[in-house]
Amino acid sequence: MLTIFGTRPEAIKMIPIVQALQNCPDVVSQVCVTGQHREMLDQVLSLFDVKPDHDLQLMHKAQGLAPLTALLLLEIDQVLAQVQPDVVLVHGDTATTLGASLAAFYRKIPVGHVEAGLRTGDLSSPWPEEMNRRVVDTLSTWYFAPTEESCCNLRREGVDSARIFITGNSVVDTLLLTVDKLQRQPHLQAKMSDSFAFLRSGSRMILITGHRRESFGEKFENFCRALLVLAKRYPEVDFVYPVHLNPNVREPVYALLSRVANIHLVDPQEYLPFVYLMVRSYLIITDSGGIQEEAPALGKPVLVTRDTTERPEALAAGTARLVGTETESIVASASELLDDEAAYLKMSQAHNPYGDGHASRRIAAIVSSLPSLRGCTQVPEATVATVAGT
Ligand code: UD1
Ligand code: UDP
């Protein structure tokens, strides 16, 4: 079987599955990275000491979606021709996920989709991810849904429930292992604390990330203006913003925020220091998918700077709030949490709707128990025809 991923979040969520598959004696497992992200992917590969069998090096500066997708199809097809896997495992909703699933589909190779079934119901948000995940779920044979909610979305769309497995989200596996590593190794904590020596002792710290394509332009500037207002209103609070390497993000962020004393713009952090920052933070402001899943497990309130989310579980639990992309609403929600202790405490109850830390083991066990997937006798006739696309 072949696991394919290409961006930072896919690596964080797929590596524990790859490691669990290596412990399955009956599975011959290979890894292909597309290199859709380069530096940000390599940070994760080296932290977990993963050496891919195939590395396609597909990142170009400020890459457009059409050329990226075209390259993904061409290059992944060659790897599939060489490896001839019985199943391809993909994750989530990126261009890599779409390219890998479509390339596998064209070669009639069954696709297992990890983190299947997430939906906002709005094709423009997140863009293009909502389209990617719907297409990938149309092409898939096996569905690893992280929650009941994502399973229900798939069933509502007519997916045969025998093909859906509710597994939890493997991001929790990686997070818990990393928190444990930090807690057990005080020298690591001391090292982290030294690297963030600019944080004032005992200060409240707000951790920020932002990178969604549908927000580029005016919405992103509104978001930066909200940070400016907050930094001025709360000079005693430290704002830490690891800035995504996408030039469409870096240019406005550095232009608008680089000269404010209590806003610390830093490069994308390796996973270990980033987890340290999440644990150290008072609250998190983000449009990230993965961080919406991690923060509740750490008891950190999250303000989600988007108009929609495919992760409603943390909203329902009260640990996350959708604040949109208007300056005023971001400022109002963050100010409430900084000023009103009761409101803060209500949102900061640790809650973990996304998993128990064993999703990877579960997914690997299911994958290894699938009969040889090509010509699989368990697959109903009608579905084989659909997957084969004949
Ligand atoms: C991609 C995914 C998005 C995911 C995000 C995670 C798509 C369409 N989007 O968005 O779903 O949430 O990753 O971060 O697949 N760059 C670097 N070095 C890196 C990574 C990126 O320089 O290590 C720069 C490059 O100029 C690159 C640009 O960022 O062209 C955009 O990268 P890309 O992967 O196309 O999109 P993201 O916005 O990162
Ligand atoms: N992350 C990281 N370093 C950073 C910012 C984020 O390691 O500087 C991790 C974060 O903990 C989460 C993942 O990257 O696990 C989220 O990635 P991103 O926000 O880029 O993508 P998304 O989840 O929105 O697809």
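The values are calculated or read from the model by the stated rules, or taken from the named source; none is laboratory data. Remember, it's a predicted structure, so these values are computed and weren't measured experimentally. Cβ: placed from backbone, ideal geometry, glycine included. Neighbour counts: every protein chain shown. Just so you know, the surface numbers come from the protein's heavy atoms only, side chains and all, with ligands and any DNA or RNA stripped out. Shrake-Rupley method; radii C 1.70, N 1.55, O 1.52, S 1.80 Å.
Consider residue 272 carefully, then state whether it is near ligand 2 (Cβ under 9 Å from one of its atoms), among the hydrophobic types (A, V, I, L, M, F, W, C) and surrounded by fewer than 19 Cβ atoms within 10 Å (Cβ to Cβ). Here the answer is yes, as residue 272 does meet what is asked. For region 88-114, the tally of residues that are among the β-branched types (Val, Ile, Thr) and away from ligand 2 (no atom under 16 Å from the Cβ) stands at 3. Taking (1) within 16 Å of ligand 2 (Cβ to nearest atom); (2) out of contact with any His (no Cβ under 6 Å at 6 or more places or on another chain) in turn, residue 244 satisfies each apart from (2).
So, in region 300-317, exactly how many residues are open to solvent by 10 Å² or more (accessible area, probe 1.4 Å) and either more than 25 Å from residue 130 (Cβ to Cβ) or in a helix (DSSP H, G or I) (or both)? Total meeting the criteria: 6. Applying the condition of being open to solvent by 10 Å² or more (accessible area, probe 1.4 Å) and within 19 Å of residue 333 (Cβ to Cβ) to region 277-288 and asking which residue is nearest to ligand 2 (Cβ to nearest atom) yields 288. Filtering 313, 294 for residues that are touching a Leu at 6+ places or on another chain (Cβ under 6 Å) and either closer than 17 Å to residue 118 by Cβ or without any contact (Cβ under 8 Å) to a residue 12 or more places away in the chain (or both) leaves a single hit, 294. Quick check on region 17-33. Is at least one of its residues under 12 Å from residue 174 (Cβ atoms), at pLDDT 95 or above and in contact with a strand residue (DSSP E or B) (Cβ under 8 Å, 6 or more places away or on another chain)? Yes; the residues of region 17-33 include at least one that is under 12 Å from residue 174 (Cβ atoms), at pLDDT 95 or above and in contact with a strand residue (DSSP E or B) (Cβ under 8 Å, 6 or more places away or on another chain). Among the listed residues 98, 102, which satisfies the condition of being aliphatic (A, V, I, L, M), within 18 Å of the chain's Cα centre (by Cα) and open to solvent by 10 Å² or more (accessible area, probe 1.4 Å)? The unique qualifying residue is 98.
Go through 153, 132 for me and flag whichever is within 16 Å of ligand 1 (Cβ to nearest atom) and in a helix (DSSP H, G or I).
Among 153, 132, only 132 is within 16 Å of ligand 1 (Cβ to nearest atom) and in a helix (DSSP H, G or I).
Taken over region 8-45, residues that are in contact (Cβ under 8 Å) with a residue 24 or more places away in the chain, open to solvent by 10 Å² or more (accessible area, probe 1.4 Å) and within 9 Å of ligand 1 (Cβ to nearest atom) amount to 6.
When region 198-227 is filtered for residues that are over 30 Å from residue 65 (Cβ atoms) and either open to solvent by less than 60 Å² (accessible area, probe 1.4 Å) or among the small types (Gly, Ala, Ser) (or both), the ones remaining, listed by number, are 199, 201, 202, 203, 205, 206. For first residues located in region 240-255 and in contact (Cβ under 8 Å) with a residue 40 or more places away in the chain, partners that are away from ligand 2 (no atom under 13 Å from the Cβ) and in a loop (DSSP other than H, G, I, E, B) and lie 6+ apart or on another chain with Cβ distances below 6 Å form the pairs 247/62; 248/216. Within region 342-357, residues that are without any contact (Cβ under 8 Å) to a residue 24 or more places away in the chain reach partners that are open to solvent by 20 Å² or more (accessible area, probe 1.4 Å) with beta carbons closer than 8 Å, at six or more positions or on different chains, in the pairs 343/336. Scanning region 46-63 for residues that are among the aliphatic types (A, V, I, L, M), within 12 Å of ligand 1 (Cβ to nearest atom) and open to solvent by 40 Å² or more (accessible area, probe 1.4 Å) yields a count of 2.
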